[in-house]
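Everything on this sheet refers to the single structure shown next.
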Ligand code: NOJ
Ligand code: CA
């Protein structure tokens, strides 16, 4: 395997709590994941990215990390994590772990010390003159971004109060995280996903994308470069692509998630512009783009693409807005072929390959996302895209567990289980498996050449000779000259490509 494997990799996102439960407590774990490695190998992915697996009070699904060098007992042990890394490698699958450097957990040793007055400078503790919070910053999950402790000082938390922000001006914090990176690289992990990567450095008046943050990633890159074949992928939600590109300079992060693509509406002009913009900002840096349709923070793609407004916006999550799921499903199939054909890496969020829709009817008392709590039960939040995977059988828990899953699965998912889709040539799972296979040989890293096409059609060729055509209009269009159809997201109309359909040709 080349050291630059990540440039064209298909990376599968495992949301561990919801992937597969090995011990019947209703929570996905490492035993479950290990037992499903053959599934991932057969699916044809090159790597997995696991959301945080560390000890945590789970105030934010594990993004409140109490100990960066151990495993949450619900998921397994450190020894089992090491065993998992070995087994994944044997199956030809690389492993990316999630590191959360912006904030910690109130349960971490450092924060517990800080509460006792020791080492407060590792966090953002401030006094306030007027009895209220030190400034008017709002938490991303709602409510003030400051919480007061017993002796009257306040600490900053851009997310939940259970997630105190680190002070990155403190050299001890910098040294600690470089050591955490080494800890996991020494255990064989191939990559690190950097959570909330643009927020780390703060001033008294701003906290997003400050210049000082780049120095941190230069240090991280030196650590990664001291091991062969390791990569850093940033979670950088910045609307301005030029600002995003600064994180991808040759001595910083290797890649970043393409949220511009994720948020882009299913419209030809917008998509074409997004793809062009992505390639134009990445090319001068020599960094490969990535193509992302969904993750554990956004509404499932089938539901999103079935709505009248198909764009994504964190500030307006559109929960419960009507969606034509058949239309969304058709578009999600076409989008998958588009994303997998584009040059660079691609991310697949677990369940995307099964065509799972967003679950919008989770009872309030079962919801666990802090967004739900912090918004005073007005924003349902992200639990609807985190519902456990249906593997087999006719009723919940669909082979996910022998117990009761931590979030309920809809009865209708009996049609969407892995078992129900595996042998079905028309299923989403079959489409993903075929596409991922073809992608390994014919796609991935490189460049594209746009082909002449009507305005509502995207058509481009890759170096291998594979041509991808996507019809985003409302009428069928004639296919360009070709020898063979390798794969289509839906039935063709003779030599014509129906609306909301994509095809791979040679
Ligand atoms: C981004 C993660 O993807 C999200 O799930 C989490 O809530 C925030 N960062 C805070 O860590
Ligand atoms: Ca379990």
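The values are calculated or read from the model by the stated rules, or taken from the named source; none is laboratory data. As the structure is a computational prediction, the values presented were derived from the model and not from experiment. A quick note on method: Cβ atoms are made from the backbone with ideal geometry, for glycine too, and the neighbour counts reach across all protein chains shown.
Which of the numbered conditions does residue 401 fail, given that it passes all the others? Conditions: (1) under 30 Å from residue 487 (Cα atoms); (2) surrounded by 14 or more Cβ atoms within 10 Å (Cβ to Cβ).
(1)
Restricting to the stretch 361-376, count the residues that are away from ligand 2 (no atom under 16 Å from the Cβ) and either within 20 Å of residue 163 (Cα to Cα) or surrounded by 19 or more Cβ atoms within 10 Å (Cβ to Cβ) (or both).
Here the count works out to 10.
Please find, within the stretch 15-28, the residue that is nearest to ligand 1 (Cβ to nearest atom) out of those that are more than 17 Å from residue 77 (Cβ to Cβ) and surrounded by fewer than 23 Cβ atoms within 10 Å (Cβ to Cβ).
Filtering the stretch 15-28 for residues that are more than 17 Å from residue 77 (Cβ to Cβ) and surrounded by fewer than 23 Cβ atoms within 10 Å (Cβ to Cβ), the one nearest to ligand 1 (Cβ to nearest atom) comes out as 15.
Of the residues 12, 54, only one is without any contact (Cβ under 8 Å) to a residue 24 or more places away in the chain and either within 16 Å of ligand 2 (Cβ to nearest atom) or not in a helix (DSSP H, G or I) (or both); which?
54
So, in the stretch 29-50, exactly how many residues are within 16 Å of ligand 1 (Cβ to nearest atom) and touching a helix residue (DSSP H, G or I) at 6+ places or on another chain (Cβ under 6 Å)?
Qualifying residue count, the stretch 29-50: 1.
Considering only residues that are within 14 Å of ligand 2 (Cβ to nearest atom), crowded, with 22+ Cβ neighbours inside 10 Å and either assigned to a loop (DSSP other than H, G, I, E, B) or modelled with pLDDT under 95 (or both), which ones fall in the stretch 29-51?
Across the stretch 29-51, the qualifying residue is only 29.
Collect the residues in the stretch 432-452 that are in a loop (DSSP other than H, G, I, E, B) and either surrounded by 17 or more Cβ atoms within 10 Å (Cβ to Cβ) or in contact with a helix residue (DSSP H, G or I) (Cβ under 9 Å, 6 or more places away or on another chain) (or both), keeping them in residue-number order.
Within the stretch 432-452, 443, 444, 445, 446, 447 qualify.
Among (1) within 16 Å of ligand 1 (Cβ to nearest atom); (2) modelled with pLDDT of 95 or more, where does residue 143 come up short?
Evaluating residue 143 over (1) within 16 Å of ligand 1 (Cβ to nearest atom); (2) modelled with pLDDT of 95 or more leaves (2) as the failure.
Return yes when residue 152 is surrounded by fewer than 20 Cβ atoms within 10 Å (Cβ to Cβ) and touching a helix residue (DSSP H, G or I) at 6+ places or on another chain (Cβ under 7 Å) and no when it is not.
no
Check 2, 73 and return the single one that is within 16 Å of ligand 2 (Cβ to nearest atom), surrounded by fewer than 17 Cβ atoms within 10 Å (Cβ to Cβ) and in a loop (DSSP other than H, G, I, E, B).
One residue alone meets the criteria, 73.
Run down 91, 129, 114, 79 and say which single residue is over 30 Å from residue 377 (Cα atoms), over 24 Å from the mean Cα position of the chain (by Cα), in the same structural domain as residue 189 (by TED's automatic domain parsing) and away from ligand 2 (no atom under 16 Å from the Cβ).
That would be 79, the only listed residue that is over 30 Å from residue 377 (Cα atoms), over 24 Å from the mean Cα position of the chain (by Cα), in the same structural domain as residue 189 (by TED's automatic domain parsing) and away from ligand 2 (no atom under 16 Å from the Cβ).
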